[in-house]
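Beneath this line is the structure, given in structure tokens, with notes to follow.
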Amino acid sequence: MDTRLYPYIREPLEDFTLRSHACLIPHLKMPAYARSSNNEKLFTRPLGVNEKYIHIVSKLTPSPERRGWYINSFATLKPRGTLTCSSLPAILRKAWCHLRYQQPSIAAYLTADEQNLAYDVPDAKDREEWLSQSFIVDRESENARAVIRSPRIPLYWTCTFVEKSQEVLCYTAHWRSDGIGALQLLDSLFALVANAGLQDPEELPWGEEVGRLALNIEDIAEVPVDANAEHTQFAKKCLETFALTEGAVGIPYLDAEMPGGTQLARTTFSEETTKKVIAKCKEKGFSVTSAVNASVAATNWSFAAADRKNQHYTSTARFSFKPYIPSPYNGPAYASALLTTGWMISVSPDQSWEDHARYYHTIYKAGLSRKFIDSYRVYAGAICDAVAQAPKVVSAAAEVDISSLGIVEKYLERDYGSGDWGLEILDVGEGVETLGRSSGLFVWTFGDRLVFSLAFNERFHEMEQMEAFVKAVEENLVRELLID
């Protein structure tokens, strides 16, 4: 990789990544939540530094009724057999209670000092109270998108069944989970719904679930507690990549001081075009995500104001820790855990679309190095220190970033149960609460169709602009890949 082509890259790529995923961490017994000395039903653990970072960022908004980066994941359901539309809300509620037993971290919450996570082993009354706060049947909203626009700061994960559109919307703070985890949680929920013989939650051995509470990534990955000089220096280099956001291209935005609701602009490719995109990318030797990243960069420049078209484009190189950690933490049993990371990368408008696609592919293919993992406490801690000083104002950044979920069917089935009692998943969607001028294009395939979904804030961008943006990304991708 000739980094001279990319003058905004401050360090060689190999310093941040490793071309092999051979640094899988050995499975060791991890420390559990600690039981309170004053309350035998209360268990707590400190927030990890990665969780702290995301939590601090979520509060960097002037809005008192919204939090940034909270995750919305939703799916459209079609019940089958004796599982009917009318019975679905009650079955979902029962399954949601079961899911708490399977994955108790959905009911973990921040303590008052916001330094610890807490979990209460519930009795019957506690479970009903939790269900009243976390499971909602919405009979008024037209669809999940309408719910997403509304202000919410829930204490726990929430599950909303939107009756008119037959959609299930799960919502949580990003410090509790990530994009892949949110899909895996939906998968677990739908598997429970599709179990016609699901027992009464009251019969479950409550208390045993404490052993399944999710730990922080630093403990799971055995990141050294005491950093050495090499870790500190490497973490500094990672942190310095955030300087690449300064002076980046961005797109025009509306002036506003207070954010409104998050909206989604979306385009879906045909199956035929999706097949052609995949084939062309394979032929050229780079991934679909890398190609889309190059097209997002190109569209940022296309939409930029005339005096900014020569600025560099910065995006986030996002990675999951899942390939590098042991079972069961790398699987769906720990869907409610924050297992994602990243750093900033940048490209110049002077290079070609294909140069950009190959550059992104090199980064995504390389993955995470053991050095990065070993330095992670220092790196995430340094980010915490930096963002803790930031004012609660709308960020000046206005770029469109990218986040790829890959093939959704790796995490979420398209069909559950049997012909007599089952579910078909007609559609899925995901995004994050977006409270600034910047926005994020989420990319995935589902049902053999490529989907772009752009999460943006309605106070800073109009739907017309953002629908045009996602369409322009689609057109750029098809054009650059020479697809008829």
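Would you mind stating whether Val428 is crowded, with 20+ Cβ neighbours inside 10 Å and at pLDDT below 95? In short, no. From the residues in the range 389-420 that are over 25 Å from Arg449 (Cα atoms) and buried (at least 20 other Cβ atoms within 10 Å of the Cβ), which one is modelled with the highest pLDDT? Checked the range 389-420; the qualifying residue modelled with the highest pLDDT is Glu399. Going residue by residue through the range 253-262, is there one that turns out to be touching a residue at least 40 places away in the same chain (Cβ under 8 Å) and under 23 Å from Glu474 (Cβ atoms)? Yes, there is a match, as at least one residue in the range 253-262 is touching a residue at least 40 places away in the same chain (Cβ under 8 Å) and under 23 Å from Glu474 (Cβ atoms). Each residue in the range 212-249 was checked for being more than 30 Å from Glu399 (Cβ to Cβ) and polar (S, T, N, Q), and 1 of them qualify. The residues of the range 201-229 that are among the β-branched types (Val, Ile, Thr), crowded, with 19+ Cβ neighbours inside 10 Å and either without any contact (Cβ under 8 Å) to a residue 12 or more places away in the chain or closer than 18 Å to Ala335 by Cβ (or both), listed by number, are Ile217, Ile220. Take the conditions (1) under 26 Å from Gly48 (Cα atoms); (2) touching a Lys or Arg at 6+ places or on another chain (Cβ under 7 Å); Met344 misses just one of them, which is (2). A single entry from Leu454, Leu426, Leu441 fulfils the requirement of being over 30 Å from Ala256 (Cα atoms) and not in a helix (DSSP H, G or I): Leu426.
Considering the range 335-356, the residues that are out of contact with any His (no Cβ under 7 Å at 6 or more places or on another chain), in contact (Cβ under 8 Å) with a residue 40 or more places away in the chain and among the hydroxyl-bearing types (Ser, Thr, Tyr) include one that is surrounded by the fewest Cβ atoms within 10 Å (Cβ to Cβ), namely Thr340.
Where strands (runs of 3 or more DSSP E) sit wholly within the range 57-175, those with at least 3 residues that are small (Gly, Ala, Ser), in contact (Cβ under 8 Å) with a residue 12 or more places away in the chain and in contact with a strand residue (DSSP E or B) (Cβ under 8 Å, 6 or more places away or on another chain) occupy 71-81.
Within the range 230-252, track down each residue that is of a type in the set (Phe, Trp, Tyr) and either free of Cβ contacts under 8 Å to residues at least 24 places away in the same chain or within 18 Å of Leu60 (Cα to Cα) (or both).
Correct list: Phe242 only.
Residue-level check: of (1) within 22 Å of the chain's Cα centre (by Cα); (2) at positive phi, Gly81 misses just (1). Put simply, of Ala243, Ala317, Ala235 the only residue that is surrounded by 14 or more Cβ atoms within 10 Å (Cβ to Cβ) and over 20 Å from the mean Cα position of the chain (by Cα) is Ala235. Anything in the range 259-313 that is buried (at least 20 other Cβ atoms within 10 Å of the Cβ) and part of a strand (DSSP E or B)? List them, or say none. Listed by number, the residues that qualify are Thr262, Gln263, Leu264, Ala265, Tyr313.
Residues in the range 379-403 that are in contact with a Leu (Cβ under 9 Å, 6 or more places away or on another chain) and closer than 19 Å to Leu239 by Cβ: Tyr379, Ala382, Ile383, Ala386, Val387, Ala390, Ser395, Asp401.
Here is a yes/no grid of residues against (1) modelled with pLDDT of 95 or more; (2) within 25 Å of Lys94 (Cβ to Cβ); (3) in contact with a Lys or Arg (Cβ under 7 Å, 6 or more places away or on another chain):
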{"position": "Ser134", "(1), (2), (3)": "yes, yes, no"}
{"position": "Arg149", "(1), (2), (3)": "yes, no, no"}
{"position": "Ile153", "(1), (2), (3)": "yes, no, yes"}
{"position": "Glu167", "(1), (2), (3)": "yes, yes, no"}
{"position": "His174", "(1), (2), (3)": "yes, no, no"}
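Out of the range 457-484, which residues are polar (S, T, N, Q) and either part of a strand (DSSP E or B) or crowded, with 19+ Cβ neighbours inside 10 Å (or both)?
Result: Asn457, Asn476.
Would a scan of the range 408-421 turn up a residue that is in a helix (DSSP H, G or I) and in contact (Cβ under 8 Å) with a residue 24 or more places away in the chain? Yes - at least one qualifying residue is present in the range 408-421.
Looking for something within 20 Å of Phe460 (Cα to Cα) and either modelled with pLDDT of 95 or more or within 23 Å of the chain's Cα centre (by Cα) (or both) - is there at least one such residue anywhere in the range 268-286? Checked the range 268-286: no residue is within 20 Å of Phe460 (Cα to Cα) and either modelled with pLDDT of 95 or more or within 23 Å of the chain's Cα centre (by Cα) (or both).
The values are calculated or read from the model by the stated rules, or taken from the named source; none is laboratory data. Predicted model only: the values in this text are computed from it and were never measured. Here Cβ is always computed from backbone atoms with ideal geometry, including for glycine, and neighbour counts include all displayed protein chains.
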